[in-house]
Amino acid sequence: MSLHTEWDNTDVEAAEQSTILNVKDLNIYYSSNHAVQHVSFEIKEKAVTALIGPSGCGKSTFIRSINRMNDNIPICRTDGTIMYGDVDIVNDNIDVTALRSEIGMVFQKPNPFPKSIYVNIAHALRLHGVKNKKELDDKVEQALKDAALWEEVKDRLHSSALSLSGGQQQRLCIARMLAMEPRVLLLDEPAASLDPIATAKIEELIDKWRKNYTIIIVTHNMQQAARVSDSTAFFLNGRLVEYEKTSQLFTNPGEKETEDYISGRFG
Ligand code: ADP
């Protein structure tokens, strides 16, 4: 399925620098709580963008808006625009399932289905029309390889996903997302519940993917943001305080609030 967005891919290098998501005056409310306030910025294609800031500053709310996950929260209201190609994610009447295939998401806590490893990936592929057994097998294998999980599970594809460790479950959720061949990966603190070794594996994957995907990662871990991202957006109390190249933001922040946060004075 495709949203039929129009892209100018005539020049690969220019495309790598081009804007894939253009956020304009985005506001998100939970009843009267104005959780995201007048946020505007452009997210570059095939780059890693980190969202940092203290707990409760609106990072998750913002990232969820990119693939319309806030639709599931009745008290949540959004205004402003998020342009994705020629589609306005906030206001257009779009096929949300198709959107979520193109803009995949992984959450803090791994959430595999209580089914086999194989079915966790094959289910969505089947829904998207892949019926041929061989094609399904190949796509499941490729997704598990892309998520660096294949070697660990190839002999037990029909075991329950819940028998995997937390880190493996998270990589299974990643494989499930990658099987849909997304353009954009939304990672909401993907390593929050993992140990340092499992965390390092996720960071290695992000590094491997950076040429092929646009990645947006929420993290409260500033070292992680500094390690993995090209650009960083610093949020505070629902506002976007500063958005800069990561090296610049961490060494020479333009705003006093950013400096206070990265030097550990609050949050
Ligand atoms: P962060 O990801 O930076 O920790 P969140 O986006 O989770 O911040 O939260 C931003 C604000 O929105 C907070 O005030 C939080 O209490 C509120 N909030 C987040 N999720 C919900 C929800 N499902 N229902 C009501 N309020 C929410």
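Values computed for the structure shown
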{"read-out": "Pairs with Cβ under 9 Å, 6+ apart, first in segment 137-149 and closer than 12 Å to residue 122 by Cα, second acidic (Asp, Glu) and modelled with pLDDT of 95 or more", "value": "144/151; 144/152"}
{"read-out": "Filter result (crowded, with 16+ Cβ neighbours inside 10 Å and among the hydroxyl-bearing types (Ser, Thr, Tyr)) within segment 97-115", "value": "101"}
{"read-out": "Check on residue 80, on the phi > 0 side of the Ramachandran plot and touching a strand residue (DSSP E or B) at 6+ places or on another chain (Cβ under 6 Å)", "value": "yes"}
{"read-out": "Filter result for residue 94 (surrounded by fewer than 21 Cβ atoms within 10 Å (Cβ to Cβ) and over 26 Å from residue 224 (Cα atoms))", "value": "yes"}
{"read-out": "Residues satisfying the stated conditions in segment 182-206, i.e. charged (D, E, K, R) and either open to solvent by less than 40 Å² (accessible area, probe 1.4 Å) or under 13 Å from the mean Cα position of the chain (by Cα) (or both)", "value": "183, 188, 189, 203"}
{"read-out": "Test result for residue 39, open to solvent by less than 10 Å² (accessible area, probe 1.4 Å) and either at pLDDT 95 or above or within 9 Å of the ligand (Cβ to nearest atom) (or both)", "value": "yes"}
{"read-out": "Entirely in segment 178-267, the strands (runs of 3 or more DSSP E) that have 3 or more residues that are β-branched (Val, Ile, Thr) and within 16 Å of the ligand (Cβ to nearest atom)", "value": "214-218"}
{"read-out": "Test: residue in segment 164-181 that is aliphatic (A, V, I, L, M), at positive phi and open to solvent by 10 Å² or more (accessible area, probe 1.4 Å)", "value": "no"}
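The values are calculated or read from the model by the stated rules, or taken from the named source; none is laboratory data. Quick caveat: nothing in here was measured; it's all calculated off a predicted structure. Note that each Cβ is placed from the backbone with ideal geometry, even for glycine, and that neighbours are counted across all protein chains shown. Side chains included, ligands, DNA and RNA excluded: accessible areas come from the protein's heavy atoms. Shrake-Rupley method; radii C 1.70, N 1.55, O 1.52, S 1.80 Å.
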